Amino acid sequence: MPKLLVFAVCEKVLIDENKNISLIVLLQNVSASSPDKSEIPRNAITPKEWTVFAMWQPAAEDYGREFNQIIQILWPDGSEFKKHALTFHFERDKIHHTRMTVIGFPVGQAGKLTLNMWLEADSRPVGESHSYVIQVTHDLAG
Amino acid sequence: MRFRCPVCMYGSLPYPARDYHICPCCGTEFGNDDAEFSHAQLREMWVADGAFWFFGIPPRDWNPWLQLIEGGHPESAPAVRLELTSRVGPRPQRVSFVTPKQVLLSVNG
C-alpha cells in the first residue's frame, strides 16, 4: 500500500531543474473581506489560484497497479465545491508526487474548508482518507 | 455538441448562442437581448441581479462565480480581499547542526 509522505495546500509549487520541490505559502487561515465591508455572498468564489500537493511512496506490490487519487473539497457547510480524480502509476524506485491547481478559492462561507484525499485502485479505496483543513474567516469590520 | 454562452459563460448550451435561443443559465435571448446590449453589458446586468440560474433547476454544485472565473471573466466575481495568516504556534523550533570540530571545542572548552 502506498504511504503518504506529504499532503499540503499552498499558493504555489515550484520545481527546479533538478526536480527539487518547494511549496510556497501553506494555506492555513484565510481572512476574506469585501472592499466596501458588505456581506460576502454565501456562494462567493474569488479568482485565486491555489495548489493541492501530495507525495506518495510506493510499496513493492504497488508497481504496475493503476491508482486513482481523489481530492474532494468541501465548503464549511459540508456541501461539495469540487471533486477531482487523477490516475497514475508508480515508477519503480521513485516517489510519486501530484499537483492539482485549483482556479477559484471558495470564500463565501466562514468556517472550515475541508480537503479530503484518498487513493482508489480497482474502484475501491486503498488505505485511509486524509484531510487538510483551511480556516476561512470573514472580516467585515476591519 | 455543447456551446458556451458568451454572457454568463455557461458551457453546456445545446445550441449555438444565436437564432433566438435562450440561455437557461442567464436567460439571454440571442438575437434579441444582445441586439440591444453587448455581451459584457448583459453579463454586468446578470451579475448585478445576483447571478441566479434562470430556468428550471441548476446543475448540481453549479456556481455562477466559478463559471465566470473558469470562463475567463474573473473580474465579474465578487470583489473579495484575501489575507493569508499562519496558525503555527509561537515560533518554529530551530534545530542546529554542529560540525565535529565544534563539538570537540565545546567539550574542551
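A short reminder: the numbers here are calculations on the coordinates, not readings from a lab. Owing to the predicted nature of the structure, the values given are computational and were not obtained by experimental measurement. Cβ atoms come from the backbone with ideal geometry, glycine included; neighbour counts cover every protein chain shown.
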Exercise for review: Tell me, please, whether a residue that is away from chain A (no Cβ under 13 Å) and either within 19 Å of the chain's Cα centre (by Cα) or small (Gly, Ala, Ser) (or both) can be found in the stretch B:63-85.
Suggested key: no
Point to revise | Residue tally, condition surrounded by fewer than 17 Cβ atoms within 10 Å (Cβ to Cβ) and touching a helix residue (DSSP H, G or I) at 6+ places or on another chain (Cβ under 6 Å), over the stretch B:1-40 | key: 0
Revision key, fill the gap. Counting only residues that are in a helix (DSSP H, G or I) and surrounded by 13 or more Cβ atoms within 10 Å (Cβ to Cβ), the stretch B:41-74 contains a total of 15
